[in-house]
Amino acid sequence: MGANVVQVSRGIEKTAKALISELKLMSREVEDHELEDVAAVSAGNDYAIGNMISEALRQVGREGVITIEKGNSTKTNLEVVEGMQFDRGYLSPYFVTDRRKRIAELHDCKLLLVDKKISNPKELVKILDNAVKEKYPVLIIAEGIEQDALAPVIRNKLRGVLKVAAIKAPSFGERKSHCLDDIAILTGGTVIRDDMGLTLENAHKDLLGSASKVVITKDSTLIVTDGNTRTAVSKRVSQIQNLVENTEEKFQKKILNERIARLSGGIAIIQL
């Protein structure tokens, strides 16, 4: 008789888990001087690429973001820019601008940051009408957007009236509010909060953040800026570092250090 397929499958899974656990015990963190060799081996023993990847890591840190793009020349180039990445994707696939890559990409866009759930479509009319009039793309980042409010945004995008995308704000509760504040610092915008006397109905262009490029997948968002807010970002990083030094709770320290890494890491773009 043949072996039981279910039992064999379970045996393979159990063995794989044991091997992974053993490998984790045997593993160690790669030293800085080893990064080039590791990167080169991963790139098919291409030491030119390995050197570029290790240089990218040196500049943005191990918590920074490295992305690969198709370049416009025959040379491989490395560019380090200001920005951040977080785990939040587009709220609807209708926002996709590149069907092959399944991404939504906006250039020279404004960011509307809202620390609440948007439920009434009328709340967005003024700010989006201005975007249509002045012809700039908009990324909406909010705690959430109800379908009634999201539907007209999608409709205008599909009609070509407005270049727009929408995502949920990263994290939840107080951490979500801090993430929105950090995005505001990075992009030079202001978070719309009713309890601060700022409402969506009265929001205007001066409250919007700015980004040179935004790339959104179904799972993540990458925001690239022009570096004009570097001073404000450095000040915010210093403030968070002070909080780290005055916090004893380990989990809170971890969250604060993640904010520092997200704000200060930057983005390395390797153009192939």
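What follows is calculated from the coordinates using simple rules that are stated; it is not laboratory data. Remember, it's a predicted structure, so these values are computed and weren't measured experimentally. With ideal geometry, Cβ positions are generated from the backbone for all residues, glycine too; neighbour counts draw on all protein chains shown.
The table that follows gives values for the structure above.
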item	result
Dipole of the stretch 84-226 [Lys/Arg +1, Asp/Glu -1 at C-beta], most positive-end residue of Leu158, Met84, Ser177	Leu158
Under-5 Å amide H pairs with Lys116, H placed in peptide plane, nonlocal only	Glu143, Gly144
Assigned charges on the beta-carbon of Lys, Arg, Asp, Glu; the chain dipole about Cα centre (debye)	1000 debye
Helix 250-264 axis, angle to the chain major axis (alpha carbon atoms, nearest 10°)	70 degrees
Theoretical ellipticity at 222 nm over the chain - DSSP helices of four or more residues, -39500 (n - 2.57) apiece, nearest 500	-13500 deg cm²/dmol
Residues Ile68 and Met26, FRET efficiency given R0 of 30 Å [Cβ-Cβ distance, rounded to 0.05]	0.50
Long pairs among Lys110/Lys135; Lys163/Lys205; Lys117/Lys213, criterion Cα-Cα beyond 18 Å	Lys117/Lys213
Order by protection proxy (mean Cβ within 10 Å, highest first), peptides 146-155, 161-170	161-170, 146-155
Cα-based helix-to-principal-axis angle, 173-187 vs the chain, degrees rounded to 10	80 degrees
All-pairs alpha carbon distance profile, the stretch 84-226, 10 Å steps from 0, percent	12, 49, 36, 3, 0
P(r), alpha carbons of the stretch 120-203 - 5 Å bins starting at zero, rounded %	3, 13, 22, 27, 20, 11, 3, 0
Extent along principal axes [Cα atoms of the stretch 1-158; Å; largest to smallest]	63, 54, 30
Geometric extent, Cα atoms of the stretch 135-183 - Rg, Dmax (angstrom)	12.6, 37
Cα extents of the stretch 176-272 along the three principal axes, largest first (Å)	47, 41, 30
C-alpha long axis of helix 230-245 to longest principal axis of the chain, angle in °	60 degrees
Residue (of Ile240, Ile255, Met196) at the positive-pole extreme of the chain, dipole from beta-carbon charges	Met196
The stretch 83-184 - charge dipole about Cα centre, Lys and Arg +1 at Cβ, Asp and Glu -1, debye rounded to 20	500 debye
Most mobile of Asn130, Asn51, Asn246 in a GNM of the chain (Cα contacts under 10 Å)	Asn246
Cα-based radius of gyration of the stretch 70-128 once divided by 2.2 N^0.38 Å, which approximates compact folds	1.57
Convex hull volume of the chain per residue (C-alpha atoms, cubic angstrom)	219 Å³
Alpha-carbon centroid distance for the pair the stretch 174-197 / the stretch 80-109, whole angstrom	20 Å
For Gln7, net neighbour charge (Lys/Arg +1, Asp/Glu -1) across residues whose Cβ lies under 12 Å away	+1
